[in-house]
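Contents: one structure, followed by commentary.
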Amino acid sequence: MKPDIEKIKRESLTKMYEDALETMTDDDVIRMISEVSYLRKQLKSQSDVIARLKKEAYHDPLTGLPNRRYFERELDKSMSYFKRYKRMGALLLIDADSFKSINDSLGHLAGDAILKHISKLLQQHTRSADTVARIGGDEFCIILRETSSEEAFEKAKKLSDIISKTPCTYEGRDIHISVSIGGCSFSEAQDRTDLMNKADSAMYISKNNATAVA
């Protein structure tokens, strides 16, 4: 019968531990407990720092939304999944109308309040399976998974309508805002760059034609 090596190791370590405890004074035990407690706190602190750094690396500090880096990674994954399994998906690109003039007339704090207001509405009216991101300035993107081009168009119209009917309250006054939205289905693009360019072109068509959605 082969000896249980792991059992022998455990018993040996237990014996060594018990022997060590017998030779330790009360002060030694107190010091050891203190050192273990300190190490545990240090490990937790390091873990918290790593978690915070990861969040900062992939999230926008103003709105708390995923940033461009996170968005591009998720979009690549979604498009790969679409191509491999022939699933549906679409991208919406959203731009706040007249944002520069609002910033210039009311100040950057008002502009920040509007960006946070838009981000909150987008999160409230999209599914948990979708990804809402702020990719820079007053531009937002939404990855709509398992969504046809028709459904994406209807979603864009709904979001535009909600934002235009929900003013941002800042320092006791209501600021009415609107957005222009362009969309593109995964099936209409070759890769991420092509998808982004087509959604961007559609967004500018909607902005120039004042149609809200294209």
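The values are calculated or read from the model by the stated rules, or taken from the named source; none is laboratory data. This is a predicted model, so every value here is computed, not measured. So basically every Cβ, Gly included, is an ideal-geometry build from the backbone, and we count neighbours across all protein chains shown.
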message: Pairs needed: first member in the stretch 96-121, small (Gly, Ala, Ser); second member anywhere, assigned to a helix (DSSP H, G or I) and surrounded by 14 or more Cβ atoms within 10 Å (Cβ to Cβ); C-beta distance under 7 Å; at least 6 residues apart or different chains.
response: ALA96/ILE114; ALA96/ILE118; ALA110/ILE102; GLY111/PHE99; GLY111/ILE102; GLY111/ASN103
query: Inside the stretch 150-192, counting only strands (runs of 3 or more DSSP E) that do not spill past its ends, which hold 3 or more residues that are under 17 Å from PHE140 (Cα atoms) and not basic (Lys, Arg)?
result: 179-185
- prompt: Are any of the residues in the stretch 184-206 modelled with pLDDT of 95 or more, hydrophobic (A, V, I, L, M, F, W, C), more than 25 Å from LYS83 (Cβ to Cβ) and touching a strand residue (DSSP E or B) at 6+ places or on another chain (Cβ under 9 Å)?
  reply: no
- line: Apart from one, (1) small (Gly, Ala, Ser); (2) modelled with pLDDT of 90 or more; (3) loosely packed, with under 14 Cβ neighbours inside 10 Å all hold for ALA90; the odd one out is (3)
field: Unmet requirement for GLN123, which otherwise passes all of (1) in a helix (DSSP H, G or I); (2) over 14 Å from the mean Cα position of the chain (by Cα); (3) surrounded by fewer than 17 Cβ atoms within 10 Å (Cβ to Cβ)
entry: (2)
- request: Look at SER78 and say whether it is over 24 Å from SER206 (Cα atoms) and without any contact (Cβ under 8 Å) to a residue 60 or more places away in the chain.
  value: no
task: For ARG145, work out the one condition from (1) surrounded by 15 or more Cβ atoms within 10 Å (Cβ to Cβ); (2) at pLDDT below 95 it doesn't fulfil.
output: (2)
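Residues of the stretch 165-174 being surrounded by 14 or more Cβ atoms within 10 Å (Cβ to Cβ) and at pLDDT 95 or above, which ones?
Once the filter is applied, which keeps residues that are surrounded by 14 or more Cβ atoms within 10 Å (Cβ to Cβ) and at pLDDT 95 or above, the stretch 165-174 yields THR166, PRO167, CYS168.
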- prompt: Are there any pairs with C-beta distances below 7 angstrom linking a residue in the stretch 183-210 that is over 12 Å from ALA152 (Cβ atoms) to a residue that is of a type in the set (Val, Ile, Thr), with the two at least 6 apart or on different chains, and if so which?
  reply: MET203/ILE181; SER206/ILE181; SER206/VAL213
Cβ-Cβ under 8 Å pairs, at least 6 apart or on other chains, the stretch 60-71 side assigned by TED's automatic domain parsing to the domain that holds GLN123 and at positive phi, far side crowded, with 21+ Cβ neighbours inside 10 Å and among the acidic types (Asp, Glu): none
- prompt: Given (1) of a type in the set (A, V, I, L, M); (2) closer than 26 Å to ARG87 by Cα; (3) touching a residue at least 60 places away in the same chain (Cβ under 8 Å), where does VAL179 come up short, assuming only one miss?
  reply: (2)
